[in-house]
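Here's the structure we're looking at; comments come further down.
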Amino acid sequence: MPLLAHISDLHLDGSDRTAERATRVMDHLRALPTPVDALLVTGDIADHGSVAEYEEAARILAATFPVLTCPGNHDVRAAYRKALLGEPPTDGPINSFHLLDGLAVLMCDATIPGQDEGLLDDETLHWIADRLTGLPDGTHALIAFHQPPVAVHHPLPDASRLRQTERLDELLRNHPEVIAVLTGHAHTAAASAFAGRPLVVAPATTWTLQLPWQGTELIDRSQPPGLAFHVVEDGALTTHFRVVP
């Protein structure tokens, strides 16, 4: 029964504020009486995509449990690879596959360099299909990336959500082993559905989106950083949202 923590949108920029909020979340996770099996970080780890920001991220995110990441629209692939992953600084999609207690987790790159919109390109879609096709019988899977493939009903994130979603929809309908889709980007905890699966959007650690019916301000910086906990049992996902005061 894997237990996963899920955070997003750290936007580390060298400031004390963003570092303190991300560190607060990590300290909370490290102090849990029952450790998580992994932490998923769904993008916008850095704010400007500099090597220094990813070096800071590597220090803050260091943990005894696995930390699984994927990029967001603020991230820069070459610097991300070099300073966060310790890999050669190439510019191709950053996709990674992980098997946790019989659960497959696919961390996918849905970024378009230089743009805010998301896209799972041909290379990444083929990679997802190959990984899912190769899973042992009975293995369930989660797919995680940055931009949600559905509207969250706020004009700011909805203007830059995932494009060409019909291609992912078709892929998932051919792979019933995928039990949920996990994203970030919207800076608000949210739950919806996509391709007949649960879709869970993690809250941000840096600031919270003010929804249209809450007022005219876009950003609420007074809210504490948030996170999600996902429990997977018998092919079903249960999510709990929490804040870290």
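The values are calculated or read from the model by the stated rules, or taken from the named source; none is laboratory data. In this text, all values refer to a predicted model and were calculated from it rather than measured experimentally. With ideal geometry, Cβ positions are generated from the backbone for all residues, glycine too; neighbour counts draw on all protein chains shown.
Within segment 160-202, track down each residue that is under 18 Å from residue 110 (Cα atoms) and either in contact (Cβ under 8 Å) with a residue 60 or more places away in the chain or of a type in the set (Val, Ile, Thr) (or both).
160, 165, 178, 181, 182, 183, 184, 185, 187, 200, 201, 202, listed by residue number.
Against the condition touching a Pro at 6+ places or on another chain (Cβ under 7 Å), touching a residue at least 40 places away in the same chain (Cβ under 8 Å) and aliphatic (A, V, I, L, M), how does residue 36 come out, does it pass?
Considered against the rule, which asks whether it is touching a Pro at 6+ places or on another chain (Cβ under 7 Å), touching a residue at least 40 places away in the same chain (Cβ under 8 Å) and aliphatic (A, V, I, L, M), residue 36 comes out as no.
Would you kindly identify the strands (runs of 3 or more DSSP E) lying entirely within segment 133-221 that contain at least 1 residues that are surrounded by fewer than 16 Cβ atoms within 10 Å (Cβ to Cβ)?
Correct list: 190-194.
Condition first: modelled with pLDDT of 95 or more and more than 19 Å from the chain's Cα centre (by Cα). Now tell me which residues in segment 133-152 satisfy that.
133, 135, 139
Conditions tested, residue by residue: (1) surrounded by 17 or more Cβ atoms within 10 Å (Cβ to Cβ); (2) outside any helix (DSSP H, G or I); (3) of a type in the set (Lys, Arg).
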| site | (1), (2), (3) |
| --- | --- |
| 10 | yes, yes, no |
| 17 | no, no, yes |
| 21 | yes, no, yes |
| 28 | no, no, no |
| 33 | no, yes, no |
| 44 | yes, yes, no |
| 57 | yes, no, no |
| 64 | no, yes, no |
| 84 | yes, no, no |
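State all residues of segment 46-55 that are of a type in the set (D, E, K, R) and buried (at least 24 other Cβ atoms within 10 Å of the Cβ); if no residue qualifies, say none.
53 - this is the single residue of segment 46-55 that is of a type in the set (D, E, K, R) and buried (at least 24 other Cβ atoms within 10 Å of the Cβ).
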